[in-house]
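Read through the structure below, which is laid out as structure tokens, and then see the notes.
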Amino acid sequence: MDKFDQTIKNAKQEITPSTTFVDATMGKITNKQVRNRWNIKLWAPVLGSLAVVVIVFAVLSSGSNTFSSKTPISKPSKTTSSSSQTANSAPPATGADNTSLANYLGGVASSMNQENTDQNSANQSVNDSQQVITVPTN
Amino acid sequence: MTDAQEKAIISEILSGEQEQFRFLVERYHRGLVVHLYNLINDQHTAEDVAQEAFIRAYNKLSQYNEAYAFSTWLYKIADNIAYRHLKQTKKTNDFAAIEELVPDDKPSLEQATDRIFTQEAVRSSIDTLPVIYRQVIALYYWDNFNYEEIAVIMERPVGTIRTWLHRAKEDLRKELYGQV
């Protein structure tokens, strides 16, 4: 071993490991042994996944039973837009004849009736949905 | 503890007396932590790697080949873990080491021939070497393993280990003496 080899050898750094190293290492080894003996490490994720699947399935099946017995919520009539378009059509110009004015007023009255019908339909839908919600589920 | 006693302890552990493993941890932990510290340069990480090595050695003790020393097998496991760690952190460590190492004025060959280097200077130069060269230097100079044992630890032929050690020394010499 020449001088340069000795130089390298002298470059070694010395430290003192922490005093808890042996106990900490043995503690981890012992815990690992217990876990392996019962296969907890292997089975825990599998059991956890199964539990999640069972819970999700239970929630879904109870939810579908509740809603399947209910009356479907009726949708409001789609005719509102067409009747509104009629109602919003331009009024007759000043000096128009009586026939045009009567037609216009008739259209307005028809639109108002349609609006009332739509509102009743919407109210009925809300009542239906409230009725579904208030039915107790077991 | 003699080698025969060590083999007896290993047999007892394999037959179920896990607490006997404590003797092996007590015997080798200091040398292993110091070895890893000289590779990694961080005591906390060195101890984590050493602990992981002991746990793996325990779990795979049935695969241990008694033809080799237990220390050789243990260092092989530890160096594999350390090597992966060093490869992961290589980029940042290397940049930090290079920035620290670039000297303002390198000594000429004449000035350097008889120069006595500080431990810090040598250490810093060793830290710039590739990981495998640092491993070879640590195992050969600081942990006193011979070529054959290092070949087992690093899973390379003895000739490769000789070559790596020679190149490591040459690179280190160039780094220290400023030769290119």
Qualifying positions in the range B:31-78 - among the charged types (D, E, K, R) and within 17 Å of B:I153 (Cα to Cα): B:E52, B:R56, B:K60, B:E66, B:K76
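This table checks each residue for (1) within 10 Å of chain A (Cβ to nearest Cβ); (2) crowded, with 20+ Cβ neighbours inside 10 Å; (3) free of Cβ contacts under 8 Å to residues at least 24 places away in the same chain.
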{"position": "B:I9", "(1), (2), (3)": "no, no, yes"}
{"position": "B:Q18", "(1), (2), (3)": "yes, no, no"}
{"position": "B:R22", "(1), (2), (3)": "yes, no, yes"}
{"position": "B:H44", "(1), (2), (3)": "yes, no, yes"}
{"position": "B:E52", "(1), (2), (3)": "yes, no, no"}
{"position": "B:N59", "(1), (2), (3)": "yes, no, yes"}
How many of the residues in the range B:130-177 are open to solvent by 30 Å² or more (accessible area, probe 1.4 Å), away from chain A (no Cβ under 11 Å) and either under 20 Å from B:F117 (Cβ atoms) or without any contact (Cβ under 8 Å) to a residue 12 or more places away in the chain (or both)? 14
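I'd like the full set of residues that are part of a helix (DSSP H, G or I), open to solvent by less than 70 Å² (accessible area, probe 1.4 Å) and either modelled with pLDDT under 95 or not charged (D, E, K, R) (or both), limited to the range B:61-78. Quick ask: steps written out before the conclusion?
Let us first name the residues in the range B:61-78 that are part of a helix (DSSP H, G or I), namely B:61-63, B:70-78.
Narrowing further to those that are open to solvent by less than 70 Å² (accessible area, probe 1.4 Å): B:61, B:70-78.
Residues satisfying the conditions are B:L61, B:F70, B:S71, B:T72, B:W73, B:L74, B:Y75, B:I77, B:A78.
The values are calculated or read from the model by the stated rules, or taken from the named source; none is laboratory data. Computed from a prediction, not measured in an experiment: that's the story for all the values here. Please note: Cβ atoms are built from the backbone with ideal geometry, for glycine as well, and neighbour counts cover all protein chains shown. Heavy atoms of the whole protein, side chains included, go into the accessibility calculation; ligands, DNA and RNA do not. Shrake-Rupley method; radii C 1.70, N 1.55, O 1.52, S 1.80 Å.
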